[in-house]
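The structure appears below as structure tokens.
The values are calculated or read from the model by the stated rules, or taken from the named source; none is laboratory data. What you are looking at is a predicted structure, and each value in this text was computed from that prediction instead of being measured. Glycine also receives a Cβ, built like all others from the backbone with ideal geometry; neighbour counts cover every protein chain displayed.
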Amino acid sequence: MNTIQLQFNWYLSTRALCLRQLQIVIAVISFLFAPFALADELITLKTRPNASQSLLLWEPHASNPETVILLIPGGSGNLGLSLKDGQAKAERPHLFLGQREVLLQKKMAVMVMNAPSDQEDLTQEIRMSSNHVADMQIAVKEIQRRFPKSRLVIVAHSRGTISAAYLAQSLGNQVSGLVLLSGLYQAYLPGPNMPSSGPGLSKLDLSALKMPMLLVHNAKDACPVSPVSDFSPIAMPKILVSGIEITDKVHPCGPGSNHWFAGKENAVWQEIINWISGNPWKTSLP
């Protein structure tokens, strides 16, 4: 083998080795940094003596998002939030759980609010209380600290609409938008089939709130505290969703029900994103 051939072979082997080393370096960098870049963040804030308020920041999000969406779940409000391998885990279901891809739009960040540490069940009365509003205000201050130039839009479901409306009332023009899904608009007394008694939103004048609002409801919502008959008379921007037939095995206020927009989740959330983004949106969904 002549000298030129030997040099050429050496060049090829050296080039192959360099490429392999580069691939290894890239793989190591990806392994080390990708989990941190995409890891959700669980934020815990001291709010009152012996009490804290937790927020979950979903990743990925824009570094300077135009909008931060604050999600307030219904029911007890206690999701049992935790992190596993950098991803959010919730012990209890909530309406927003399966909508990560839809909600994590470009130029947006998403935060999910948990119940405060000293409350296992956020009843209607607790959600109206000054302590609860003060806890949520501290959470909002943290959001504003992290994203000082971003719009804040509050999105809430079911019993969470009470928390959201009272928080929005306290913040005024600090809130750029309020979206209420399956809202509790009237008062209901305790009863054997009543999942949550209380005044709902009946003590608030929603029309007096100082921000754009969108109400979303299912035409076949069978949850006793949120019939569509309470939603229909309200003169505000609204989306009415056609319901589906639900079996008797599904709780009318729980997952898989029309109260949770079963079978229509993606379509509902896309219209909410359209409304938040200032794009055309539909007032009804089949």
Going through the range 99-124 one residue at a time, which ones are surrounded by 15 or more Cβ atoms within 10 Å (Cβ to Cβ), within 20 Å of LEU181 (Cβ to Cβ) and not hydrophobic (A, V, I, L, M, F, W, C)?
GLN99, GLN105, ASN114, THR123, GLN124
Any residue at all in the range 183-192 that's among the hydrophobic types (A, V, I, L, M, F, W, C), at pLDDT 95 or above and either out of contact with any Pro (no Cβ under 6 Å at 6 or more places or on another chain) or in a helix (DSSP H, G or I) (or both)?
yes
Considering the range 195-233 alone, what residues qualify as being out of contact with any strand residue (DSSP E or B) (no Cβ under 9 Å at 6 or more places or on another chain) and either of a type in the set (A, V, I, L, M, F, W, C) or not assigned by TED's automatic domain parsing to the domain that holds ARG127 (or both)?
LEU204, ALA208, ALA222, CYS223
Hand me the list of helices (runs of 4 or more DSSP H) wholly inside the range 122-171 holding 3 or more residues that are farther than 22 Å from TRP275 by Cα and in the same structural domain as SER182 (by TED's automatic domain parsing).
124-128, 130-146
Among the candidates VAL216, VAL225, VAL241, which residue alone is under 16 Å from GLY160 (Cα atoms), of a type in the set (Val, Ile, Thr) and either surrounded by fewer than 20 Cβ atoms within 10 Å (Cβ to Cβ) or touching a helix residue (DSSP H, G or I) at 6+ places or on another chain (Cβ under 8 Å) (or both)?
VAL216
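Residue by residue through the range 245-270, note down the ones that are in a helix (DSSP H, G or I) and free of Cβ contacts under 8 Å to residues at least 40 places away in the same chain.
ALA267 - this is the single residue of the range 245-270 that is in a helix (DSSP H, G or I) and free of Cβ contacts under 8 Å to residues at least 40 places away in the same chain.
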Return the residues of the range 193-214 that are over 18 Å from CYS253 (Cβ atoms) and outside any loop (DSSP other than H, G, I, E, B); say none if nothing qualifies.
LEU206, SER207, ALA208, MET213, LEU214
Could you list all residues from the range 226-244 that are touching a Leu at 6+ places or on another chain (Cβ under 7 Å) and either part of a helix (DSSP H, G or I) or without any contact (Cβ under 8 Å) to a residue 24 or more places away in the chain (or both)?
PHE231
Result of the Cβ filter at 7 Å on the range 125-154, keeping first residues that are surrounded by fewer than 19 Cβ atoms within 10 Å (Cβ to Cβ) and partners that are of a type in the set (D, E, K, R), at least 6 apart or interchain, is ASN131/ARG48; ARG151/GLU66
